[in-house]
1. Of the residues 206, 197, 243, 176, only one is at pLDDT 95 or above, over 30 Å from residue 297 (Cβ atoms) and not hydroxyl-bearing (Ser, Thr, Tyr); which?
2. Got a sec? Which of 136, 224 is in contact (Cβ under 8 Å) with a residue 40 or more places away in the chain and aliphatic (A, V, I, L, M)?
3. Looking at (1) touching a residue at least 40 places away in the same chain (Cβ under 8 Å); (2) out of contact with any strand residue (DSSP E or B) (no Cβ under 7 Å at 6 or more places or on another chain), can you tell me which one residue 41 breaks?
4. Which of the residues that make up segment 15-34 are over 21 Å from residue 311 (Cα atoms) and surrounded by 13 or more Cβ atoms within 10 Å (Cβ to Cβ)?
5. Any idea which of 91, 101, 12 is under 18 Å from the mean Cα position of the chain (by Cα), surrounded by fewer than 20 Cβ atoms within 10 Å (Cβ to Cβ) and under 23 Å from residue 169 (Cα atoms)?
6. In segment 163-174, is there at least one residue being crowded, with 16+ Cβ neighbours inside 10 Å, within 26 Å of residue 99 (Cβ to Cβ) and not assigned by TED's automatic domain parsing to the domain that holds residue 100?
7. Which one is surrounded by the most Cβ atoms within 10 Å (Cβ to Cβ), of the residues in segment 269-284 that are modelled with pLDDT of 95 or more and either outside any strand (DSSP E or B) or aromatic (Phe, Trp, Tyr) (or both)?
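The values are calculated or read from the model by the stated rules, or taken from the named source; none is laboratory data. The structure displayed is predicted, hence computed values, not measured ones. Positions of Cβ are generated from backbone atoms using ideal geometry, with glycine treated the same way; all protein chains shown enter the neighbour counts.
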Amino acid sequence: MIPVRPLKVITRHRDGRIHAYAMDSGVFGALEPAAVFQPRPGDDVVESAVWPDLKRVVYTTLNSVVCLTRAGELLWKSDFRPHSDQRHGHRPGCALSLDCRTVWLYRPDAMAGRGGADQWVVHDANSGAVLARHELETVGHGASHHVHPVDGSIYLDIGEGQDGSVILRGVAGADGEVDFVTYPWQDRCLIDLSPDGQQFMTVDHGQADVAFHRHSSGDVLFTLPVEAFKYDAEETFVEWSGGYLTPDLAVVTLGGEGQDEEEWFRYHLIDVRTGTLSGEIAVDVTNPYELVPLSDGSWLTDGPDGNPFRWTRSPLLSHPPHPAG
């Protein structure tokens, strides 16, 4: 059985350091980092993940993946070869497995100009040894990992810019072998996995609808187009943001432009048990991607001091007025 993590840890990169925040269920308001990690000199961190005990961090740069202790001791490092001098258009990503035994690494090698295909690589978290390597048929700029909260499988959403988005799933077997499955879509962006592990949420790459799928088959449970939210589909779109607020409620973000070309966005709640609208949630943020649902009825926004701010449920508006179109 895969052990459950005692804490969910999120990271933010500030002032050249990696700040780790433990999402204790009793802590709300302005958060303070539970641990701060100093990357190696010269390392420009792209993405990071911290162990639940806050003793280790793994992070990517444009040309490597690095694992350090909290004291800054190098545990292991793997360089991406050949070295890339491309500074833009490729963002390697990493994630820690549910049991903390493996590190999953996305390498956008095609956009980095390394002369090969993109790769999804699984490292031993203690030694850095490569346990599995999967050559991808993608030319991605970056990707997001999503760790399944129950069975420990890993979803990967690769963004290929205007060419769409590819979703894969990796499953580590008891024998150490890893199976990689690619879902049959080029036009869905993975947004979030439900906290009970039963489903996941995607948004159309063209931003015309949101869909909810059964884990792990990907079968569509229901789809909501823009029109279902009582907006004009010619003037409104679904943002690639949101996620599960609770196991039963998902946040879907709708956006568009007003008469003066002023951009607007609003957070709608969906009852995922019935596939029906369940009001809106009022959040004061500066962009549609700032809100991060935590699946337990709370969410994060950016605080004024650069630290995250954690909120609980605010009153819902059942029928708020729509912005001027």
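1. After ruling out the rest, the residue left standing is 206.
2. 224
3. (1)
4. 17, 18
5. 91
6. no
7. 272
Every residue, every condition in (1) in a strand (DSSP E or B); (2) at pLDDT 95 or above; (3) of a type outside the set (D, E, K, R); (4) within 22 Å of the chain's Cα centre (by Cα), yes or no:
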position: 20; (1), (2), (3), (4): yes, yes, yes, yes
position: 25; (1), (2), (3), (4): no, no, yes, yes
position: 36; (1), (2), (3), (4): yes, yes, yes, yes
position: 44; (1), (2), (3), (4): no, yes, no, yes
position: 48; (1), (2), (3), (4): yes, yes, yes, yes
position: 52; (1), (2), (3), (4): no, yes, yes, yes
position: 59; (1), (2), (3), (4): yes, yes, yes, yes
position: 78; (1), (2), (3), (4): yes, yes, yes, no
position: 83; (1), (2), (3), (4): no, yes, yes, no
